[in-house]
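A short write-up of the structure that comes next.
The values are calculated or read from the model by the stated rules, or taken from the named source; none is laboratory data. Note that the coordinates shown come from a computational prediction; the quantities given were computed from them, not determined experimentally. Every residue, glycine among them, receives a Cβ derived from its backbone with ideal geometry; neighbour counts consider all protein chains shown. SASA here: full protein model, heavy atoms, side chains in, ligands and nucleic acids out. Shrake-Rupley method; radii C 1.70, N 1.55, O 1.52, S 1.80 Å.
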Amino acid sequence: MYVLSGTSRYKVLRRKQFKKSIIISSVLLIVMVFGALIAVNLIRGQVILASPTQTIHPVLNALHISSSVTSPPVSSQYKLIVPKINLNIPVIPVGLTKSGAMDVPYQTNAAGLYKYGPLPGQKGSAVIDGHNEIKQVGEGVFGSLNKISVGDKIIFQNKGVSLQFSVKSMVQYPVSQLPSNKVFNIKDGYHLNLITCAGKWNRSTQSYPDRLVIYNDLDK
């Protein structure tokens, strides 16, 4: 039987240690590169998500043909009340879709509050969206928004504390002309903007061509 000398054993041990250090270094390098990529993506995501002044066109019809639309009970600290149209619904925070549009709740019985903008009562424009109509369900939570008028009251509740707003104007825009910087204003005033689909349903595009925006100011 061949027995390694002390020098040979040392060389074998050194080679093993060298291979082990190469493997460990490679793994660490991969982890560092992967972590850096994740960090960059997160930073990019934060920049995108935290910028309500970017061009954001809320997609309010994306769930019309989705089988995931449901009406489970919704628990939320926020509520939207519009006495003129007997509307009293929960409001849940929503973010952005993969395409960078404002999202909507998958629940048919709730509206969505843009969570990367101000809350109602804070400086700037809070934005709440909701469905006008939902396929196989019927009228959405904002299906009667076109029945309100300038001067009507809009009430937003946060944990039971109410803020009252007054309707200042109602404007219907083609989707391509929606003034995002105005709707998602974060600079001045205390506004609450409601937005929903409008116009005639386009079967070929499976969408509505317009958006109805209700501009409301906080009562003093």
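Taking the criterion of being without any contact (Cβ under 8 Å) to a residue 12 or more places away in the chain and touching a strand residue (DSSP E or B) at 6+ places or on another chain (Cβ under 7 Å), the only residue of the stretch 91-149 that qualifies is GLU139.
For the stretch 70-82, the tally of residues that are touching a residue at least 60 places away in the same chain (Cβ under 8 Å) and either among the acidic types (Asp, Glu) or out of contact with any Lys or Arg (no Cβ under 6 Å at 6 or more places or on another chain) (or both) stands at 6. Applying the criterion of being among the charged types (D, E, K, R) and closer than 20 Å to ILE148 by Cα to the residues of the stretch 181-220, the residue that is most open to solvent (accessible area, probe 1.4 Å) is LYS200.
So that you can scan it fast, the table gives a plain yes or no per residue for (1) in a strand (DSSP E or B); (2) closer than 20 Å to ASP219 by Cα:
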position	(1), (2)
VAL104	no, no
ASN109	no, no
PRO120	no, yes
HIS131	no, no
VAL150	no, yes
TYR173	yes, no
ASN181	no, no
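Residues that are assigned to a loop (DSSP other than H, G, I, E, B), open to solvent by 50 Å² or more (accessible area, probe 1.4 Å) and at pLDDT 90 or above within the stretch 62-102 comprise GLN77, ASN86, listed in sequence order. When the test is whether a residue is in contact with a helix residue (DSSP H, G or I) (Cβ under 8 Å, 6 or more places away or on another chain) and open to solvent by less than 40 Å² (accessible area, probe 1.4 Å), LEU145 passes it.
Taking the stretch 150-161 as the range and being in contact with a strand residue (DSSP E or B) (Cβ under 9 Å, 6 or more places away or on another chain) and farther than 15 Å from LEU87 by Cα as the test, the residues that pass are VAL150, GLY151, ASN158, LYS159, GLY160.
Looking at LYS220, is it within 21 Å of the chain's Cα centre (by Cα) and assigned to a loop (DSSP other than H, G, I, E, B)? No, not satisfied.
Can you confirm whether the stretch 120-138 contains a residue that is over 15 Å from the mean Cα position of the chain (by Cα) and of a type in the set (A, V, I, L, M, F, W, C)? Yes: the stretch 120-138 contains one or more residues that are over 15 Å from the mean Cα position of the chain (by Cα) and of a type in the set (A, V, I, L, M, F, W, C).
Taken over the stretch 179-220, the criterion of being within 15 Å of VAL104 (Cβ to Cβ) and among the basic types (Lys, Arg) is satisfied by ARG211 alone. Can you pull out the residues in the stretch 113-140 that are open to solvent by less than 80 Å² (accessible area, probe 1.4 Å) and closer than 20 Å to LYS200 by Cβ? ASP129, GLY130, HIS131, ASN132, ILE134, GLY138, GLY140 - these are the residues of the stretch 113-140 that are open to solvent by less than 80 Å² (accessible area, probe 1.4 Å) and closer than 20 Å to LYS200 by Cβ. Note on the stretch 152-171: residues that are in a loop (DSSP other than H, G, I, E, B) and among the small types (Gly, Ala, Ser) total 1.
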